[in-house]
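S.K.: Handing you this structure, nothing more for now.
A short reminder: the numbers here are calculations on the coordinates, not readings from a lab. Bear in mind the structure is a predicted one, so any value in this text is a computation, not a measurement. Note that each Cβ is placed from the backbone with ideal geometry, even for glycine, and that neighbours are counted across all protein chains shown.
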Amino acid sequence: MLAAAASKPPQRNTHVSEKAPKNISVFLRVRPPIAREITGKHTCDNLQTDPNDPTKITLQKKADKSAVAKTFSFNRVWEKNTPQKQVYEDFARGAVDAAFEGLHGVLFVYGQTGSGKTFTISNEDKDNLGVLQQSMLETWGRIAKDKDSEYSCSVSYVQLYNEILTDLLDPSKGRVRLQTGAEGRGDVVMVSEVTGLGIERTVTDYLQTMDLFRQGMERKEMQSTDMNTTSSRSHTIFSFHIHKATKIRAVTASSGDGLLPAVVALEGRLVLCDLAGSERISKTHAQGELLTQASFINGSLLVLGKVVAALIDKKAQHAPFRESKLTRLLQYSLQGNGNTNIVVNVSPSDDNTDETLSAIQFGQRAMQIKQEAKRHEVLDYKALYLQLQADLETKQDDALSSNLEEQRRDFEEKVGRLKEELRIAEQQNEILKRENEELRANVSSSPAGAAGGSKQKDPSPPRPSSGTESKYTKVIDDLRAMVKDRDRKLEETNAERLQLGRIVADEQLKALKLGKQLGALMMRYQKDMEVMTNKVDDLNAEVVKVRGTDYLTIGGGSAAMDAAQSPSSANHHGRTFSDHTSALSSPSMSDSSPAASGGAAFSADALHRNFEALSALRQENADLSVYQRLAEKAIKFLHTEKELAKIAAEQESARLKAELETLKAKVNGQGK
């Protein structure tokens with residue numbers, strides 16, 4: 001069982017989680033006004049929250065009095081002063097729970113540049129920690145408290161800068177290649193372009209995790225624009241991988257039906273995506289490198305919007321995931337295979353109303369995406385090994401117990417046989433005692449016994465005379481000799497029988513091998529005969545064709561016709577074609593074939609006759625080939641003669657016509 005289990009490749013199963021929401025959860029967060037908006041005296045009246053319903057927000061363009069106010073619904077709307085702890089509880093805790101259940105918990109923030117996305121996802125202020133920091137604290141806290149499971153964790157941190165994917169945990173920021181996961185689920189795996197290996201780094205605690213995150217943040221592309229002093233110029237994705245296996249304490253063997261209980265581990269993933277903000281060039285006044293960065297950022301976000309629109313459009317036949325590496329990275333979660341949550345960050349300034357409306361509309365479309373998160377299970381090899389080992393030990397114990405039980409039964413049978421022998425010996429002893437008593441009684445009643453008894457009493461039993469004793473001894477020795485002689489003869493007979501059996505078996509094996517060889521020879525012979533028969537039929541057809549020519553018809557007494565009509569000429573080469581055909585299909589041939597004889601030995605005489613017939617047939621085929629070539633030459637010669645004769649006849653006819661015309665002219669002249 002251990003070998004069978006080891007030969008199977010790792011199996012990954014996906015099970016639908018009943019706790020996963022049916023649609024992607026989308027939250028809206030309005031950040032407080034910043035210094036630039038305050039000093040610029042921006043108004044902040046376009047967005048109005050509903051105090052009675054925390055899921056609704058109303059957008060009204062104050063600058064456009066003809067515009068109608070629109071109300072939008074989200075899973076939750078956070079006002080300007082909502083604390084980071086509340087954002088984490090509503091937005092991220094479910095994704096952390098999903099990662100521990102073997103699901104993909106995906107969190108990403110979307111919105112205009114400068115709308116507070118990085119603050120929401122990864123703020124480092126200890127009084128206002130971002131979602132990433134809070135989720136890592138809770139994750140490592142749960143791992144420390146869980147004494148029933150074993151964990152192995154790893155992280156990866158990448159950025160998409162100008163549509164180039166790089167590893168932020170690599171000091172040289174090596175490029176990263178995307179490839180489809182081995183399970184064929186549509187998930188993607190990130191590997192180094194140089195080594196082809198995964199880019200995950202193993203982590204063992206919270207401090208090590210955050211140290212790697214900070215190293216990546218230092219390598220992230222950040223620049224200042226007119227809209228944001230610390231603007232992210234790339235999309236970044238931080239992934240935390242959790243491998244959770246049940247800790248093995250007491251391993252039990254397989255159940256009574258021989259099946260091992262399930263031995264699986266869970267592979268969860270917490271993905272935090274900080275998207276770069278969309279930019280309007282008229283506001284950022286980007287030029288040169290900043291303009292190039294902005295075009296790549298807006299382009300990837302545009303593809304993201306197209307993908308979301310295609311996913312909710314029932315008539316759409318294709319979602320353009322491969323148009324951007326960003327959507328390729330988020331493909332698995334956007335297709336509804338993960339527990340995905342989105343925060344739409346917006347600015348409160350009326351100056352950004354158009355950008356706010358665009359972000360809200362993206363969130364409204366994303367809320368319509370159906371999702372059915374899948375749990376990822378893999379074989380736990382350690383538990384499986386221990387389980388199989390316990391099962392093997394149990395089977396060994398069962399085998400030992402069965403062996404001991406069998407030995408006990410054997411001992412009981414031997415004791416029973418010994419008891420039976422003891423009972424028979426006791427019965428024989430009783431019989432001997434009775435016979436001894438009878439002998440004593442007979443000796444006492446005899447005159448000699450009586451006389452002797454009057455003189456003295458002998459307590460010992462009477463002994464038989466020396467003649468009688470020697471007689472019994474001789475009979476017993478003869479019987480023993482006869483038994484030994486019979487045993488010896490029986491052993492010799494058994495030895496001879498075994499030797500004869502081996503000889504017969506060897507002969508049967510030889511006969512079987514010869515029969516197989518003969519069968520193979522006959523099969524080859526039959527194939528050769530079929531080929532030769534087909535050739536004979538072809539040659540007969542050619543001969544008939546030759547006989548039907550003008551030469552054979554005119555020449556009526558040709559050698560081929562004479563050979564066909566004359567028995568003496570027909571035997572010129574031994575046999576005619578019909579004789580060969582009848583010889584090949586003769587009873588001796590059919591009777592000696594393996595099919596007719598049912599695998600019996602093939603007759604040597606019949607085989608010899610068949611070989612002779614085959615030789616004659618080959619000679620006849622050679623002669624027919626010669627006859628055919630001669631016939632072709634004769635036909636060509638006759639055809640030439642006929643043509644020449646025809647030409648001569650035409651010339652003679654022309655000459656006769658000319659002479660006739662001459663005679664006619666002379667006759668006419670004489671008449672005149």
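S.K.: Aspartates and glutamates near residue 41 by alpha-carbon distance under 20 Å, same-chain residues fewer than 8 away left out - which ones?
M.R.: Counting by Cα, and skipping residues close in sequence, residue 41 has these aspartates and glutamates nearby: 64, 226, 350, 351, 354, 355.
S.K.: Here is a further query. Among the aspartates and glutamates, which fall within straight-line cross-link reach of residue 147, defined as a Cα-Cα distance under 19 Å, with same-chain neighbours fewer than 8 residues apart omitted?
M.R.: Here the aspartates and glutamates satisfying the reach criterion relative to residue 147 are 97, 101, 138, 205, 267, 380.
S.K.: A follow-up question, please. Just rank 189, 543, 203, fewest to most, by other beta-carbon atoms within 10 angstrom. Please list the in-between numbers first.
M.R.: Numbers: 189 14, 543 17, 203 21.
With the fewest neighbours first, 189, 543, 203 line up as 189, 543, 203.
S.K.: For each pair in 56/325; 173/247; 220/283; 70/117; 419/489; 220/325, compute the distance between the two Cα atoms and list the pairs where it is over 26 Å.
M.R.: Numbers: 56/325 33 Å; 173/247 37 Å; 220/283 23 Å; 70/117 24 Å; 419/489 34 Å; 220/325 17 Å.
In this structure, 56/325; 173/247; 419/489 exceed 26 Å between Cα atoms.
S.K.: At 7 Å along the Cα-to-beta-carbon direction for both residue 645 and residue 70, put a label point, then send me their distance in nm to one decimal.
M.R.: Placing both labels 7 Å along Cα→Cβ, they lie 10.9 nm apart.
S.K.: Okay, moving on. Per residue, how big is the convex hull around the C-alpha atoms of region 394-442? Give it to me in cubic angstrom, could you? Write out the running numbers ahead of the final one.
M.R.: Values: hull volume 1.4 nm³, N = 49.
Expressed per residue, the convex hull around the Cα atoms of region 394-442 is 28 Å³.
S.K.: Among 225-237, 432-444, 496-508, how do they line up from the highest to the lowest mean number of other beta-carbon atoms within 10 Å?
M.R.: Values: 225-237: 20.2, 432-444: 11.6, 496-508: 10.0.
Top of the packing list down: 225-237, 432-444, 496-508.
S.K.: Rounded, prolate or oblate, given the Cα gyration tensor of region 124-245, with a/c below 1.5 counting as rounded? Spell out each step's value before the answer.
M.R.: Numbers: a/c = 2.17, a/b = 1.15, b/c = 1.88.
Verdict is oblate for region 124-245.
S.K.: Hey, another quick one. Please report 170, 410 as a ranked list, fewest other C-beta atoms within 10 angstrom at the top and most at the bottom.
M.R.: Details: 170 19, 410 10.
Neighbour counts put them in this order, fewest first: 410, 170.
S.K.: To continue, here is another question. Ranked highest first by average number of other Cβ atoms within 10 Å, how do 122-128, 482-488 line up? If you can, show how the numbers build up before the last one.
M.R.: Numbers: 122-128: 12.7, 482-488: 10.0.
Packing proxy ranking, top to bottom: 122-128, 482-488.
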